[in-house]
Amino acid sequence: MIKSPFLSRRQALAGAASLPLAAATATATRAAAPMMDAGTAPYQRVKLGGFDVTTLLAGTATRPDPQSIFGMNVDKETFDSVSAAAKLPIDAAQFFFTPTIINTGAELILFDTGLSGAGTTAALAAAGYTPDQIDVVVITHMHGDHIGGLSTDGTPTFPNARYVTGSKEFDAWSGTGNENFDGKMAPLAEQTTMLEDGGSVASGITAMAAFGHTPGHMAYMIESDGKQLVLGADFANHYVWSLAYPDWEVRFDMDKAAAAATRRKMLDMMAADNIPFVGYHMPWPAFGYVETAGENFAYVPHSYQLLL
């Protein structure tokens, strides 16, 4: 007997009646998926001429009471008003820790190392690199969130690397008894090249004095095939409370007047020449631009300009 390819009315009604149960079962199964914490990819890679530039999210942390860190020389009403206009909460701030890798085609160069080797190497692995591939480690300054990943229990994290830092910065921390410096950076002194303002890390990578945050804090100009990018390190520690208002004092700036002058100088240059930059503590993935806003500045996050 040949069966009809068409459903009878009774079969159709029976099938329809079973649909709500099937849908409910499927919905219940989907709802069983676990809730996830907020997250993001641990690296972002862009092109700059013939270079690959990769930012690494080595860590992130929430800090309470932002005005105990930023805008210390302005009144609460001003701080709260600026924060509200930028849609920022005033009870907490989010910090990002962002080492950067430049692949010149000849060398793999890492700028800063995060709070720990574990955080940086995890992001490094996600980006497709291993610690032994790093040829050069550049330290912009000696704060713990920049040198913390140099070693673990005395073992260097990047076993094949040579090191570069500013001579003024190294000398400023030597002999101070700073535990991080003495444990992480000082043992590498004989493997470290000391740079002055204008010194070269490699072809297309030039040191720029950016003193104030620390005595010898350095930024770096990256240039390839007519393209430029500034590795700004900690010249500004927040995209509104520091960058947009460069005269606002920041607790972590060791010389607050010099740091404010450095911010204005660098921001003026980047805004005038439309040069993108990487800020170590800028919102992830840490690439952005600067534009003037009256007497101050505004941060413009990178979207896709450096992906083209």
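The values are calculated or read from the model by the stated rules, or taken from the named source; none is laboratory data. In this text the structure is predicted, and so the values were computed from the model without any measurement. Glycine gets a Cβ as well: all are built from the backbone with ideal geometry, and neighbour counts include every protein chain shown.
Could you name every one of the helices (runs of 4 or more DSSP H) located completely within region 105-177 that has at least 2 residues being out of contact with any Lys or Arg (no Cβ under 7 Å at 6 or more places or on another chain), touching a residue at least 60 places away in the same chain (Cβ under 8 Å) and over 20 Å from M221 (Cα atoms)?
On the way: elements: 117-126, 144-147, 167-173.
It comes to 117-126.
Every residue in region 85-104 that is among the hydrophobic types (A, V, I, L, M, F, W, C) and in contact (Cβ under 8 Å) with a residue 12 or more places away in the chain, please.
Once the filter is applied, which keeps residues that are among the hydrophobic types (A, V, I, L, M, F, W, C) and in contact (Cβ under 8 Å) with a residue 12 or more places away in the chain, region 85-104 yields A86, L88, I90, A92, A93, F95, F96, F97, I101, I102.
With (1) touching a Gly at 6+ places or on another chain (Cβ under 7 Å); (2) farther than 30 Å from G144 by Cβ as the list, and A258 as the residue in question, which single condition is left unmet?
Failing condition for A258: (2).
List pairs: first residue in region 278-297 and among the hydroxyl-bearing types (S, T, Y), second residue not in a strand (DSSP E or B) anywhere in the structure, Cβ distance under 6 angstrom, at least six positions apart or on different chains.
Pairs that qualify, where the first residue is among the hydroxyl-bearing types (S, T, Y) and the partner is not in a strand (DSSP E or B), are Y280/T98; Y280/D234; Y289/P276; T292/A271.
Name every residue in region 251-283 that is farther than 21 Å from Q305 by Cα and part of a loop (DSSP other than H, G, I, E, B), in order of residue number.
Scanning region 251-283 gives R251, F252, D253, M254, D255.
Taking region 210-228, which residues are surrounded by 19 or more Cβ atoms within 10 Å (Cβ to Cβ) and among the hydrophobic types (A, V, I, L, M, F, W, C)? Give the derivation first.
Just the residues of region 210-228 that are surrounded by 19 or more Cβ atoms within 10 Å (Cβ to Cβ), to begin with: 210-214, 216-220, 222, 224.
Within region 210-228, A210, F211, M218, A219, I222 meet the criteria.
Name the residue that is farthest from M142 (Cα to Cα), counting only residues in region 208-250 that are among the small types (G, A, S) and not in a loop (DSSP other than H, G, I, E, B). Reasoning before the result, please.
Within region 208-250, the subset among the small types (G, A, S) is 209-210, 212, 216, 219, 224, 226, 232-233, 236, 242, 244.
Still in the running and not in a loop (DSSP other than H, G, I, E, B): 209, 219, 224, 232-233.
Numbers: A209: 15, A219: 13, S224: 28, G232: 15, A233: 11 Å.
Out of the qualifying residues, it is S224.
Which residue out of V46, V74 is out of contact with any strand residue (DSSP E or B) (no Cβ under 8 Å at 6 or more places or on another chain) and modelled with pLDDT of 95 or more? It would help to see each step written out before you state the result.
Values: V46 fails: out of contact with any strand residue (DSSP E or B) (no Cβ under 8 Å at 6 or more places or on another chain).
From the options V46, V74, the qualifying one is V74.
Sort through P156, P99, P131, P187 and tell me the only one that's on the phi < 0 side of the Ramachandran plot and more than 23 Å from the chain's Cα centre (by Cα).
Values: P156 fails: more than 23 Å from the chain's Cα centre (by Cα); P99 fails: more than 23 Å from the chain's Cα centre (by Cα); P131 fails: more than 23 Å from the chain's Cα centre (by Cα).
Exactly one residue qualifies, and that residue is P187.
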